[in-house]
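Below you'll find the structure, written out as structure tokens, and then a few comments.
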Amino acid sequence: MLVSLLLSRILGLVREMVISGMFGPGADVDAFTLAFSLPDVLFFAIAGGALSSAFIPVFSEYLHTEREREAWHIFSVVTTVMSTVVVLFIVIAWIFAEPMTRLLAQGKGEELMPLIVHMTRILLPAQFAFFIGGLMFGTLYSRQVFAVPGLGPNVYNLGIIFGAAVLGHFFYPGVVGMAWGALAGATVGNLLIPWVVMRKLGSRFTPSFDVRHPGVKKVFILMAPVVLGLSLPGVYDLITRYFGSYYHDGVNSWLRFANQLMQAPLGVFGQSLAIAIFPALAQFYAQQKMDMYRMQLSSTLRTVLYLTLPVCALFFVGAEPIVAALFQHGEFTRTDTLAVAQLLRIFALGIWAWCMHPVLMRGFFAVQSSVVPIVLGTVTTVVFVLLVLALQGSMGYQALPAASSISAVFLATIMMLAVQRKVGKLDLKGIGATFAKSLLGSLLFAGATFGILSTPLGNLEGRGKLVSVLLLFLISVPGAWLYYFVTKWMGMPETKYVARAMDRINRRTRPISQAEAGGD
């Protein structure tokens with residue numbers, strides 16, 4: 001799962017590199033970014049983010065307690081009901097796309113609105129693929145099949161890249177091609193591929209509206225709080241785009257590029273680990289093995305901190321060369337680089353907390369509790385909006401990433417305390433020790449990386465794109481080794497993961513001796 005999402009984030013960065021070079025930050029990319037607002041509202045309004053999270057623990061409960069036929073009946077009913085609801089909502093949103101889009105992007109001028117509405121209508125049908133694909137991914141996760149769901153975001157990114165690089169030449173303006181590419185990528189990656197795989201695995205689907213089945217009721221009860229709440233992770237992008245629309249052309253694009261960089265470690269470390277442990281947590285709860293549940297959740301939170309704090313340090317000290325190496329070409333200027341780099345530095349302060357959130361969220365859903373995390377997320381959303389309003393007078397649009405980082409830390413803290421109250425004592429002492437030691441190691445990592453960036457080797461001006469990216473990787477290697485050895489010296493158990501990975505690599509690359517091969 002980690003490898004699949006790592007590839008997805010790499011393709012996501014390639015996608016942003018193509019967009020920045022072909023179109024640059026400006027009105028057209030702002031319009032493309034804002035065109036996702038109404039589809040995102042639709043996704044949130046029908047609890048899209050919670051659909052698979054509510055479905056997986058219930059499906060797993062039936063699947064792992066010798067009730068497989070009922071498990072597939074629940075899948076059939078939920079799929080039938082949600083398909084009907086989603087199609088109805090898409091049709092309504094398509095008809096009223098213009099007034100709804102004006103409300104969501106009212107900070108933009110009248111001249112840009114027709115383009116935003118046009119691309120919004122292209123993107124709306126993709127929500128069907130995301131909704132139903134999420135359910136199919138849920139059945140695959142419950143059966144410990146992770147590779148196919150990992151293809152979804154990769155195919156989606158490839159669709160947008162194809163739309164920008166190829167279809168963009170057949171539409172005016174070219175960003176419309178990206179909208180069609182996004183629709184194609186969502187349909188193939190989230191709908192067609194999992195459907196084919198599920199058929200091969202013998203999955204069963206029979207259309208049904210048997211909403212009285214207790215398992216079906218449980219799924220919708222778990223989903224309900226998401227529909228009624230305004231949890232920050234669900235509406236963060238929407239709120240950011242709304243406030244960003246009130247600033248000059250290009251600000252939404254700058255926020256987009258900085259946010260995409262911030263999302264890279266969130267996907268690789270936060271979401272991948274959350275998705276990977278979710279079926280296990282749900283199974284432990286179904287079998288009432290709560291000691292194993294608490295141990296798994298605590299160790300995963302410690303792993304997230306160990307992996308993400310050095311990334312925060314790297315993004316903070318290396319923001320400018322990272323942005324320049326990835327995006328500064330074509331229509332993306334030096335001024336754009338400096339603006340996006342400053343936003344990235346502010347985002348970097350909260351990356352570790354954002355990465356903890358999906359793990360904690362799965363911790364709640366695994367025990368079939370959705371009210372508490374949504375209430376906490378809604379409270380944090382209010383805090384986020386108030387912070388933006390309080391800070392934007394002095395910070396301008398930079399108040400958005402600042403409020404994001406502060407809110408993320410607040411949300412991770414209160415969710416960790418709340419989940420402990422729900423499931424029993426977590427290893428908070430160990431989690432705190434991991435944070436303190438990882439933070440110390442990350443400061444040394446940051447110092448080493450900053451020192452190298454200050455040398456001629458760190459000057460990436462005039463170098464090719466590939467050379468710049470490779471140099472950035474090489475520049476970070478000494479600091480990464482320093483981080484590993486310092487944290488190993490401090491006795492952090494998380495270093496064993498790195499040691500085991502290196503040991504596996506060594507076993508695969510070194511020659512096999514006669515004794516190992518079974519010789520004399």
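The values are calculated or read from the model by the stated rules, or taken from the named source; none is laboratory data. These figures come from a predicted structure and were not determined experimentally. Glycine gets a Cβ as well: all are built from the backbone with ideal geometry, and neighbour counts include every protein chain shown. These area figures cover heavy atoms from the full protein model, side chains too; ligands, DNA and RNA do not enter into them. Shrake-Rupley method; radii C 1.70, N 1.55, O 1.52, S 1.80 Å.
You can think of it this way: the chain between Q288 and T84 has 69.9 nm of extra reach, that is 0.36 nm per residue less the Cα-Cα gap.
Taking the Cβ-Cβ separation of L391 and L338 as r and a Förster radius of 25 Å, what is the calculated FRET efficiency to the nearest 0.05? The formula returns an efficiency of 0.80 here.
Per residue, the chain reaches -26000 deg cm²/dmol at 222 nm when only DSSP H runs of four or more residues are counted, each adding -39500 (n - 2.57). Charge dipole (Cα centre; +1 on Lys/Arg Cβ, -1 on Asp/Glu Cβ; no other charges) of the chain amounts to roughly 1400 debye.
Counting only protein heavy atoms, what percent of the accessible surface of the chain is carbon or sulfur at a 1.4 Å probe? Roughly 68 percent of what the probe reaches on the chain is carbon or sulfur. Computed with a 1.4 Å probe over protein heavy atoms only, the accessible surface of segment 55-180 comes to 40 Å² per residue.
In this structure, E66 and Y246 have a Cβ-Cβ separation that, at R0 = 51 Å, corresponds to a calculated FRET efficiency of about 0.35. Using a probe of 1.4 Å, the accessible surface attributed to E68 totals some 90 Å² when neighbouring protein chains are kept in position. Here the spin labels are modelled as points 7 Å beyond Cα on the Cα-Cβ line, and at M295 and N459 they lie 5.6 nm apart. Subtracting the Cα-Cα distance of M490 and F171 from their residue separation scaled by 0.36 nm leaves 109.1 nm. Between the residues N259, M17, G189, the greatest Cα displacement towards the positive end of the dipole of the chain, with unit charges on the Cβ of Lys, Arg, Asp and Glu, is found for G189.
Mean sequence separation of contacting Cα pairs (under 8 Å, at least six apart), scaled by the length of segment 57-215, corresponds to a relative contact order of 30 percent.
Taken about its Cα centre, segment 290-448 carries a charge dipole of about 580 debye when Lys and Arg each add +1 at the Cβ and Asp and Glu each add -1 at the Cβ.
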